[in-house]
1. Over 18 Å, how big is the tail of the calculated P(r) for segment 661-797, in percent of all Cα pairs?
2. Stick to Cα atoms and the Kirkwood definition of Rh, then tell me Rg/Rh for segment 523-579.
3. What lysines could a cross-link reach from K743, if we take a straight Cα to Cα line under 19 Å and drop same-chain neighbours fewer than 8 places away?
4. Give me, ordered by chain and number, the residues 5 or more places off F593 or on other chains with an amide H under 5 Å from its own placed amide H.
5. Output the peptides 201-211, 495-505 sorted from most to least packed, where packing is the average of other Cβ atoms within 10 Å over each peptide's residues.
6. Can you tell me the order of 706-717, 749-760 when each peptide is scored by its average per-residue count of other Cβ atoms within 10 angstrom, highest first?
7. Leaving ligands, DNA and RNA out of it, report the carbon-plus-sulfur percent of the accessible area of segment 331-442 at a 1.4 Å probe.
8. Using all alpha carbons of segment 741-797, what is the percent of pairwise distances in each 5 Å bin, ordered from the shortest bin to the longest?
Amino acid sequence: MIPTSTGGAVDDAYLYRFSEDEYLLVVNAANRQKDWEHFQKHLKDFTGKVELSDRTEEIAMLSLQGPKSADILSSLIEKGDLPEPIRNALSIATIKGVEVKLARTGYTGEPICFELFINANDAPVIWNLLIEKGVQPVGLGARDTLRLEAGLPLYGHELGNDPEGNEIPIFACPLARYAISFSPVKGDFIGKDALVKQHQAYKAIIKGDFSKITDLPRRIMPLAIASNRIARAGDKVYLGPKHVGYITSGTMVPYWKFTDETITAKITDQHGLRPVALAYLDSDLKEEQSVEVEIRGKRTAAMIVPYHLRSEAPPYARPILYDHKPQPAATTSEKEAVSKKVLDLLEKSARNTQWRQRECINLIPSEQTASPMVRLLSIMDPAFRYAEHRRLKALYDTDVFYYQGTDFIKEVELLLEAEMRQYLGCSLVETRLISGQMANATVFSAMVDYINRADRKTEPRRIGYVMNNHIMKGGHLSSQPMGALRDFIAYDPRTDRPAVVSFPVLKDNPYKIDLPACKELIARYKPELIILGKSVVLHPEPVAAIRSFVEELSLDTIIMYDMAHVLGLVGPYFQQPFKEGVDVVTGSTHKTFFGTQRGIVAANFPEQHPRYPLWEAIRKRTFPGAVSNHHLGTMLGLLMAAYEMNYFKDEYQKNVISNAKAFASALKRCGLDVAGDPDVSYTETHQVVINVGYSRGPEIARKLEENNIIVNYQASPAEEGFTAAGSLRMGVAEMTRFGLTEKDFETVAELIAEVILKDKPVKDKVKEFRSKFLEMRYCFSDEQYAQALEKIYELVR
């Protein structure tokens, strides 16, 4: 936003930075001269620091929007790349010898959008190439309907002056939340005082406090019109007899109809029309409030809605119809409800277990079937009990239990910690956490406690810069600003965003970290916390290299490794994190590890170590911070799983990795596009990734499921989100436990290829194949412990 001194808008604009020392400001064409004069007026305050030039006649801009835009651009690029699949990312590429500046920006609401900046003389070359590719040219009229449906403002309508001639405050526009920054780095700027008042009023209004409404009397809100009449700018809006505002933009919008509301829905050749509008309304009005619009002298019913369109499910922007009602779930009558529900639950549970355990090839890498003994122990008493406890320094760090009857579970916890310490090669393990996500959140909370350990009287400082694997580069959700990290990460005042920097990746293998570039980023940002570990993991993480960078730069950085997916591979065949220099390990215990669904945190600090207070904070943030009842039944099952892992790990881990390599190579031979490095047979873990075509992942995964092959669709590093996923992520750990060998995984690859490449049904083949692999390996036999098991069976019956 280019603000006036009173908090209105001179114009709205887009500011690009394609190079370090130059900015490109794109303004509304009709406001170009006014904007130029505004900047010239203030340029004297920046003499010698800013050079401003008008290159309107030298630069052309084309906007390419829509589901196919990335594919079209990719096919034209000779040199360079598309911008990263993140909103507002930039790149510079060459197309037919022409330099093109590319931005992932657009003003239509399309989730996949680009704007191209080209020397004006070269623009016809690019235009003609796009036309040859079948791109449909549209003008500003079409663009206007698209931006209106997306709720985006247009100067002269939602910005500027209202129909009464009064200046519209910038914070009346919803986009102001993203377009206005009060970062201290910016210092003072034109209109700041007025905008601060508006912002304070806005924050109060959305909480239902209208005490500051005079600073923001009206706001721009989307209106759904309840008839086929079109509201136009200037039409009055009423709440009963009261005039409450004006239409700022209105039109009839066409929209495509989808086959259904699922992630695999397709656009049909059917379309509808609906009248939509944006209105400048009194700030005390709320969403889902009914109003009336005076259209050509006649009042028409309308409703304030939160939005007309949603674009977070690429590649499509999806219309949201205000009168749409989801189909209600089928219900049973009160009389038959209880007995039918009980019978349905029993029968469906049996069918589902039969299907998944005896008829399917399970290849989701984040899942693992527990052994019969592990499952049996998980339903024993103490599954229904409490055993809260904490260590008290007054009692020489003795654990004090707050419930009676807990001697057995206390013994179990101590034995489990010992087994996990032996397995991981460390001295400290916390086992009370009940998921990997909770383990990560506990470490982040403990980091805040650790950082602020010297000052308990002021508001705690959050974690400074964090380095992680970006979620679209395979990173764990829990380590993202939208995940468990959200409540513990500081904001960067330069960007007004969470202080997170993602690991750079190799151009020819985006599943591997680019170490030289990583070292530069560590030196620049000096992160307080580095989080290794991924959901899509084909290679060991470079723990030793990261440790050497941190030590060389003399940084006080905690290195954490979230081993959720690879916890069951710790050892000489894959990776030994503590020997390589990690500070803290977290993980889930039910993926490659044999356990029940729980989480752990581990470290290797002696009590005299300066980082030992971090471990004490982890203990405190576990209880009473994260858990009360820590699911004692699954803890009992996990102890048995730890016994199994320590006993069978060498053979199991070796076979998992060799099976994954054989599986990946076989998929490649079958003609499928396997991701990863062919020099290591595409994987060094339990995971295998294949590319099946942009946004086709959910559809292909569903087709495989219909043939009893269970996989996980996944967005590749080149895609915008999981709804646009073009890859499948598979893991061999669970089926390795059921006895599949390298040769068997070659058969599985052939079955998958028949479904994907030939569209052949293979369900019967899969059921027959799976029937040969029903007995679990790498666990203790029932026969050896028959007498003890019989006693348990008697008790649970």
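1. The share of Cα pairs beyond 18 Å in segment 661-797 comes to 60 percent.
2. Reported Rg/Rh (Cα atoms, Kirkwood Rh): 0.99.
3. Once the sequence-local lysines are set aside, what remains near K743 is K654, K661, K668, K765, K767, K772.
4. L567, G568
5. Listed from highest to lowest mean packing, they are 495-505, 201-211.
6. 706-717, 749-760
7. 56
8. Taking all Cα pairs of segment 741-797, the binned fractions are 4, 14, 16, 15, 11, 8, 9, 10, 7, 4, 1 percent.
The values are calculated or read from the model by the stated rules, or taken from the named source; none is laboratory data. The shown structure was predicted, so the numbers you read here are calculated from the model rather than taken from an experiment. Here Cβ is always computed from backbone atoms with ideal geometry, including for glycine, and neighbour counts include all displayed protein chains. Heads up: the accessible areas ignore ligands, DNA and RNA and are worked out on the full protein's heavy atoms, side chains in. Shrake-Rupley method; radii C 1.70, N 1.55, O 1.52, S 1.80 Å.
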